[in-house]
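As structure tokens, the structure follows; a few thoughts come after it.
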Amino acid sequence: MTTRINIDTYTKKFEVYPSELLEFAKEHKLSLLPLTSMRGQAIALMSQPEVRGQKHLIRDDADKFFKNIGMETKDSIQQFNKATGFKRIEMKGKYCLQYPFESDTTDLDKRKGAFISGDRDTAINAIKAHFQKNIIDIPNELWQKGHLDPTVGDASEKNLAWQPPIQGKYRDRYKWCPLFQRMWPTAKELIPNFNKFYTDAERKEILKALKEE
């Protein structure tokens, strides 16, 4: 468990990164941002020996940190929550680097070379046409009562919504939101298709969470 950082002790810009962070970055081929940038200063702060894995910061701390070191930003927390290649401890609204350091380049890798072939408007219009044909243009009298969660024996209004006929294609396979959006696969759909829905890393995380229940 981490404790909140005392941001008042940090009043000067960092001029160098901690040596251990530099070694880790070199070993894992991670690019470190220049310390002239706000994100560089954010990484430097979170990687300090007395901070990493021990002290977290919140938005107020981020605001004060940049004010202390004379850097102006309208959204200080963005400098801490953007992907850097270094894994953070998962905490809502709190920011702290994992220690010992761990590499996490998923968010960086998925942006490299991101490209969709074909004409943009043609692709978008095809999606719009699908929804127009199968949902928007379907006469109201053809819509049917459907269960938001088909796996529970609940026929109350909180588990029902009007759904277009295309819903029958997915009957008992998915759970829905009231606005007719597929939210999650049911166990019946998920179990034989685990590899389809989740990566190897995600399956391991799910297994770990289930074991801890």
Item to check | Where Asn68 falls short, out of the listed (1) under 30 Å from Leu179 (Cα atoms); (2) touching a Ser or Thr at 6+ places or on another chain (Cβ under 7 Å) | outcome: (1)
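Tell me the residue from Ile166, Ile191, Ile206 that is among the aliphatic types (A, V, I, L, M), surrounded by 11 or more Cβ atoms within 10 Å (Cβ to Cβ) and under 30 Å from Glu90 (Cα atoms), please.
Result: Ile206 is the single residue among Ile166, Ile191, Ile206 that is among the aliphatic types (A, V, I, L, M), surrounded by 11 or more Cβ atoms within 10 Å (Cβ to Cβ) and under 30 Å from Glu90 (Cα atoms).
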Checklist entry - Looking at the stretch 1-116, what helices (runs of 4 or more DSSP H) fall wholly within it and have at least 2 residues that are of a type outside the set (S, T, N, Q)? => result 19-27, 38-46, 59-68, 106-109
Checklist entry - Is at least one residue of the stretch 149-161 farther than 27 Å from Tyr198 by Cα, in contact with a strand residue (DSSP E or B) (Cβ under 6 Å, 6 or more places away or on another chain) and surrounded by fewer than 12 Cβ atoms within 10 Å (Cβ to Cβ)? => result no
Item to check | Where a residue in the stretch 114-133 is not assigned by TED's automatic domain parsing to the domain that holds Ile166 and its partner, wherever it lies, is part of a helix (DSSP H, G or I), with Cβ under 8 Å and at least six apart | outcome: Ile116/Ala123
Checklist entry - Has the stretch 5-25 got any residue that is in the same structural domain as Lys82 (by TED's automatic domain parsing), touching a strand residue (DSSP E or B) at 6+ places or on another chain (Cβ under 8 Å) and hydroxyl-bearing (Ser, Thr, Tyr)? => result no
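Got a number for residues in the stretch 32-52 being among the hydroxyl-bearing types (Ser, Thr, Tyr) and surrounded by fewer than 20 Cβ atoms within 10 Å (Cβ to Cβ)? So that I can check it myself, show each step before the final result.
Our first condition is that a residue be among the hydroxyl-bearing types (Ser, Thr, Tyr); within the stretch 32-52, this holds for 36-37, 47.
Filter once more, so that each one left must be surrounded by fewer than 20 Cβ atoms within 10 Å (Cβ to Cβ): 36-37.
Matching residues across the stretch 32-52 total 2.
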Next on the checklist: Quick check on this structure: which one of Arg4, Arg88 is more than 24 Å from Thr106 (Cα to Cα), within 26 Å of the chain's Cα centre (by Cα) and not small (Gly, Ala, Ser)?
Outcome noted: Arg4
Checklist entry - Which number in (1) small (Gly, Ala, Ser); (2) touching an Asp or Glu at 6+ places or on another chain (Cβ under 7 Å); (3) loosely packed, with under 15 Cβ neighbours inside 10 Å marks the one condition that Gly113 misses? => result (2)
Next on the checklist: Suppose the filter is surrounded by fewer than 16 Cβ atoms within 10 Å (Cβ to Cβ) and either touching a Leu at 6+ places or on another chain (Cβ under 9 Å) or within 21 Å of Pro100 (Cα to Cα) (or both); does Lys55 pass it?
Outcome noted: no
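The values are calculated or read from the model by the stated rules, or taken from the named source; none is laboratory data. Predicted model only: the values in this text are computed from it and were never measured. Methodologically, a virtual Cβ is constructed for each residue, glycine included, from the backbone with ideal geometry; neighbour enumeration extends over all protein chains shown.
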